[in-house]
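First up is the structure itself, then whatever we jot down about it.
The values are calculated or read from the model by the stated rules, or taken from the named source; none is laboratory data. The structure presented is a predicted model; accordingly, all values stated were derived computationally and were not measured. We place every Cβ from the backbone using ideal geometry, glycine too, and count neighbours over all the protein chains shown. Heads up: the accessible areas ignore ligands, DNA and RNA and are worked out on the full protein's heavy atoms, side chains in. Shrake-Rupley method; radii C 1.70, N 1.55, O 1.52, S 1.80 Å.
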Amino acid sequence: MLMTGYNIDFDIAALLVAMFTLALIIIRKDKKRMENRLFSLIVIDNLLSIVFDLLSSYAIENPTWVPRAVNEGFSYAYLTFHALFAPLFFGYVMLVSGIVFSKRYQRINIMIMSLPWVVSLFFIAFNPLFHSVFYLDENGAYYHGYGIYTMYVSAAIYLLGIFYIIVRYKTSFSSAQRISLGLFWALAIGTLTLQYFHQELLLEMFGQAMVCLGVSITILDEEALYDPVTHVYNRITFQNDVTRMIKSENNFTVFYVRISNGKQIASSVGLERNNLLLLRVADFLRRVAAYTNKQNVYDLGNYHFAIVHRDASREEVFSLATTLEQRFRKEWLNEYFRIKYDAQIIVANVPKDFDDVDSLIELADRNYIRNTETKVYVGEGLDQIKRYHKVERAVSRGLENNNFVVYYQPIWDATSNKIHSCEALLRLFDDEIGFVSPEEFIRVAEDNGSIVEIGEFVFEEVCRFIVECNLREKEIEFVEVNLSTIQCLQSDLVERLVSILEKYRVPASAINLEITETAAVENEDVLKGTLEKLHKVGFSVSMDDFGTGYSNLMNIFNLSFEIIKIDKSILWNADDNVAGDIILENIANTIKQMDRRIVCEGVETEEQCEKLKRIGVDYCQGYLFSRPIKTDELVEYIEKFNFK
C-alpha cells in the first residue's frame with residue numbers, strides 16, 4: 001500500500017501535549033513508585049514515537065532530500081517505539097490494579113502477555129529481509145506491507161486486556177481511576193480505529209498523547225500521597241495500596257512500627273523539634289526500605305509507621321524486623337538532646353496472618369499490646385492480636401444474634417443472714433469461638449465503642465428481670481449493674497437509663513450502679529456531675545474493685561458512694577500473710593468510719609466469711625454462696641435461701 005499525503009497537524013499537536021505531560025512529570029517528586037516510573041517511561045516512549053513519526057513523515061514526503069538509509073532509520077525508530085506503547089500501558093494498568101504482583105501472574109504469565117509485542121518486534125526486526133512491514137521502492141516511495149497489521153492486532157489485544165483488567169478487577173481501582181481509564185481506553189480505541197481507516201491523518205499519536213495527559217492529571221496526584229511532615233506516603237496511600245494488593249491476591253508483609261511514647265516525648269520537646277525527630281525516624285525507615293524496590297514506607301499518623309514489603313522471603317522478614325528492633329533500642333540524637341523511642345514492631349504476613357483490609361487498618365490504630373517496651377511481634381507473637389480480632393467479631397455477632405446472656409451472682413447480708421441483692425454479670429457464648437470471658441470482650445467493646453450498646457442491653461435485661469420476677473417480694477433490695485468508664489462519660493447517660501426505667505416502670509432505687517475505682521479516679525471531675533444527677537433520680541451508686549487502682553479514700557467522699565466493694569485480691573492476700581490481714585481490717589475500719597456500707601467479693605470459704613463479719617463487712621459475695629447463675633436458677637436459689 002503506497003503511503004503519501006500525510007497530514008502532520010495532529011502529530012504537531014501531539015508533540016506539544018507530550019512535552020507538556022513530560023514537564024508535569026518532571027516537576028513532580030514521586031519517582032519511587034513502580035507504576036509512576038513506568039508511566040514516565042510511557043510518556044517518554046510516546047514523545048519519541050511522535051518525534052520519529054514526524055521525521056518519518058517528512059522523509060517520506062521528501063525522498064530526494066533525505067537519504068534512503070536515514071528515511072528507513074526514522075521508520076524503524078518510529079515503529080519500534082510505537083509498538084512498545086500498548087504493552088507498556090497494559091503493564092501500567094496491571095501495576096495500578098496490583099495484579100502484576102499476584103501469584104497468578106508469575107514470570108511465565110508475563111512472558112505470555114508479552115507475545116503480541118514480541119511478534120510485532122519480530123516483524124520489525126526482520127523487515128530488512130522480508131519487507132513485510134514497509135519498504136521503499138527505487139524512487140523512495142513508501143509502502144506498507146502485510147506485517148503492518150500485526151501492529152494493529154497487537155495494540156487491539158492489549159486494549160482488550162486493559163478492558164478486561166478494568167472490569168475484572170474493578171474493586172482494585174478507585175471510582176476516579178475506573179472512570180478515567182475507561183474514558184482513555186475509549187479514546188485510544190477511537191483514534192486507533194480512525195488511524196486504521198485514514199492512515200494519512202496520523203491521529204494515533206495524538207490519541208496516545210491525550211491519554212497520557214489525562215492520566216497524569218486525573219490519576220497521578222502525588223502531593224495527596226505524602227505526609228507533609230515526614231515526606232513518606234500517608235495513611236490514605238497505605239489504605240489504597242494494601243486494598244489493591246489484597247484484592248489482586250498478592251503476598252506481602254506489613255511491618256508496623258508503633259511508637260508508644262511518642263505523645264509524651266512530643267509534649268516535652270515541643271512541636272518543631274518533635275517533627276524533626278519524626279522526620280529522622282522516617283528517613284531511617286526510607287533507608288531501610290531502599291535496599292530493594294519492593295518496599296514502601298508510610299506514616300499512618302499518631303506516631304505509627306508501616307513498611308509494606310512485597311513477596312518477602314523469611315530471611316528478608318527476619319532481617320528487616322531485626323534491623324528495626326536494634327535501631328529502636330538505641331537513642332535518637334538531636335543537636336539539642338537525645339531521646340529513646342519505645343516501639344512495638346508488629347510483622348503481619350498477608351494473607352497468612354490477616355486477609356482483609358479492615359484488619360490491617362485496625363492493626364495500625366488499635367492498642368492491642370499493653371506492653372510498651374521495644375519488641376518484635378511476629379508469628380506466634382501475633383496470637384493475642386488474632387484473638388482480639390476473633391473476640392471483636394464475636395462481640396459484633398453477639399449484639400446482632402443475641403448471644404449475650406445476663407447471669408446473676410447473689411450477695412449475702414451478714415446481719416440478716418439472707419440474700420440481700422445480686423450483681424448482674426454479662427456472659428458471651430459465641431457459635432464460632434465458644435465462651436468468651438468478660439475480661440476479653442469488655443476490653444474489646446470499650447475499644448470499639450460497642451460497650452455503650454452492651455451496657456444498655458444489660459440495664460434493660462435487669463429491668464425486665466426485676467419486673468418479671470418481683471424481686472422486691474423476694475426481699476432483694478436492688479440489683480447491681482456495672483457502668484463502664486465510657487458509659488460514665490456519656491453526657492446523656494442519665495436520660496438513657498431513666499427512659500429504660502420508665503419503659504418497665506422500675507424505680508431507680510431497685511438498681512445499684514457500680515463504677516470501678518479506676519474510672520472514678522481518672523474521670524473524677526466529669527463523674528461528679530453525673531453522680532449528682534444519678535442520685536437525684538434515685539439510684540444508689542457503689543465503687544467497685546476498691547483496692548485495685550489508685551486507692552484514694554478521698555474519692556469515696558468526693559463522689560458520694562454509698563457502698564464500697566473491696567476487691568477479692570485484698571481478701572485473698574489477707575489469707576496469705578499477717579500484713580495482708582492488717583491491710584484488710586484497716587480498710588474496712590476506715591470505710592465504716594466514713595459511714596459507708598461494705599461489700600467484699602471473692603468469698604470462697606467459711607473462714608473468710610467469719611473474718612469479714614468480725615471486721616464489720618456488711619455483705620459478702622463469692623462462690624461460698626453461689627457462682628453466677630441464670631435468672632431461673634437465681635429465683636429458685638433466693639426462695640430456698642431466704643424462705644427456708
(message) Quick check on region 414-439: of everything there that is open to solvent by 50 Å² or more (accessible area, probe 1.4 Å) and modelled with pLDDT of 90 or more, which residue is nearest to R614 (Cα to Cα)?
(response) T415
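Going through region 297-328 one residue at a time, which ones are over 16 Å from the mean Cα position of the chain (by Cα) and either within 23 Å of S248 (Cα to Cα) or among the aromatic types (F, W, Y) (or both)? Spell out the reasoning first.
Initially, region 297-328 is screened for residues over 16 Å from the mean Cα position of the chain (by Cα), giving 309-328.
H309, R310, D311, A312, S313, R314, E316, V317, F318, F328 - these are the residues of region 297-328 that are over 16 Å from the mean Cα position of the chain (by Cα) and either within 23 Å of S248 (Cα to Cα) or among the aromatic types (F, W, Y) (or both).
When you scan region 333-353, how many residues do you find that are open to solvent by 50 Å² or more (accessible area, probe 1.4 Å), within 14 Å of F284 (Cβ to Cβ) and modelled with pLDDT of 85 or more?
Filtering region 333-353 down to residues open to solvent by 50 Å² or more (accessible area, probe 1.4 Å) leaves 333, 335-336, 338, 340, 351-352.
Checking the rest, the ones that are also within 14 Å of F284 (Cβ to Cβ) come to 333.
Then drop every residue that is not modelled with pLDDT of 85 or more, which leaves none.
Residues in region 333-353 being open to solvent by 50 Å² or more (accessible area, probe 1.4 Å), within 14 Å of F284 (Cβ to Cβ) and modelled with pLDDT of 85 or more: 0 in total.
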(message) All but one of (1) surrounded by fewer than 14 Cβ atoms within 10 Å (Cβ to Cβ); (2) over 26 Å from F625 (Cα atoms); (3) in contact with a strand residue (DSSP E or B) (Cβ under 9 Å, 6 or more places away or on another chain) hold for N402; state the number of the condition that does not hold.
(response) (3)
(request) Name every residue in region 144-162 that is closer than 9 Å to A86 by Cα and without any contact (Cβ under 8 Å) to a residue 40 or more places away in the chain, in order of residue number. (result) A156
(message) Looking at the structure I just gave you, is V481 among the aliphatic types (A, V, I, L, M), open to solvent by 30 Å² or more (accessible area, probe 1.4 Å) and closer than 20 Å to K630 by Cβ?
(response) no
(request) Give region 190-213 a look and list any residue that's farther than 15 Å from A155 by Cα and at pLDDT 80 or above, or say none. (result) F206, A209, M210, C212, L213
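Can you spot a residue in region 576-583 that is under 30 Å from L531 (Cβ atoms), out of contact with any strand residue (DSSP E or B) (no Cβ under 9 Å at 6 or more places or on another chain) and surrounded by 12 or more Cβ atoms within 10 Å (Cβ to Cβ)? Step through it out loud before you land on a result.
Step one: filter region 576-583 for residues under 30 Å from L531 (Cβ atoms), giving 583.
Keeping just the survivors that are out of contact with any strand residue (DSSP E or B) (no Cβ under 9 Å at 6 or more places or on another chain) gives 583.
Of the ones still in play, those that are also surrounded by 12 or more Cβ atoms within 10 Å (Cβ to Cβ) are 583.
The answer is yes, given that some residue of region 576-583 is under 30 Å from L531 (Cβ atoms), out of contact with any strand residue (DSSP E or B) (no Cβ under 9 Å at 6 or more places or on another chain) and surrounded by 12 or more Cβ atoms within 10 Å (Cβ to Cβ).
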(request) Just give me the residues in region 573-599 being part of a helix (DSSP H, G or I) and farther than 24 Å from N512 by Cβ, in sequence order. (result) N573, A574, D575, D576, V578, A579, G580, D581, I582, I583, E585, N586
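Taking helices (runs of 4 or more DSSP H) that do not extend beyond region 385-497, which have at least 1 residues that are of a type in the set (D, E)? Please lay out each step first, then the result.
On the way: elements: 438-448, 451-469, 485-488.
Because the criterion is at least 1 residues that are of a type in the set (D, E), the helices (runs of 4 or more DSSP H) in region 385-497 that meet it are 438-448, 451-469.
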(message) So if I check each of D618, D595, D567, which one is without any contact (Cβ under 8 Å) to a residue 24 or more places away in the chain and under 21 Å from S542 (Cα atoms)?
(response) D595
(message) Anything in region 107-159 that is touching a Leu at 6+ places or on another chain (Cβ under 8 Å), crowded, with 20+ Cβ neighbours inside 10 Å and among the hydrophobic types (A, V, I, L, M, F, W, C)? List them, or say none.
(response) W117, I124, V133, F134, M151, A155
(message) Only one of S75, S57, S49 is in contact with a strand residue (DSSP E or B) (Cβ under 8 Å, 6 or more places away or on another chain) and crowded, with 18+ Cβ neighbours inside 10 Å. Can you tell me which?
(response) S75
